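One structure is given below, encoded as structure tokens.
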Amino acid sequence: MKPDIHPTYRPVVFQDTSSGDRFLTRSTIETSETVVWEDGNEYPLAKVEISAFTHPFFTGQMKIVDTAGRVERFQKRYGERKRKAPAKAEATDAAE
């Protein structure tokens, strides 16, 4: 392998912004924030919106993460509409 082309792994604290839970793991992510971990050492902090603490697959609960009101806009536009049966299909059935 070529030297000095691979990123360096280092300990990084990831914080779930939905629940506030944190976990320490190794990563190559670049961050500007730091935090003091339980062991007294200071580590880079990476904030994420969804982690294993809040993801529906791991929690077994459905949770809609909606930071920009996308779901409300969709329901406002399309939620009240009802599908109409095509008139052509009714005319064909009557002719038979």
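Yes or no: the range 72-82 includes at least one residue that is at pLDDT 75 or above and outside any helix (DSSP H, G or I). Yes, the range 72-82 contains at least one residue that is at pLDDT 75 or above and outside any helix (DSSP H, G or I).
Which residue out of Thr54, Thr25, Thr59, Thr67 is of a type in the set (Ser, Thr, Tyr) and modelled with pLDDT of 85 or more? Please lay out each step first, then the result.
Details: Thr54 fails: modelled with pLDDT of 85 or more; Thr59 fails: modelled with pLDDT of 85 or more; Thr67 fails: modelled with pLDDT of 85 or more.
Going through Thr54, Thr25, Thr59, Thr67 in turn, the sole match is Thr25.
Total residues in the range 1-27 satisfying the condition of being surrounded by fewer than 10 Cβ atoms within 10 Å (Cβ to Cβ) and either farther than 19 Å from Ser51 by Cβ or touching a residue at least 40 places away in the same chain (Cβ under 8 Å) (or both): the figure is 8.
The values are calculated or read from the model by the stated rules, or taken from the named source; none is laboratory data. For clarity, every value in this text was computed on a predicted model and none was experimentally measured. No Cβ is skipped: glycine too gets one built from the backbone with ideal geometry, and neighbour counts run over all protein chains shown.
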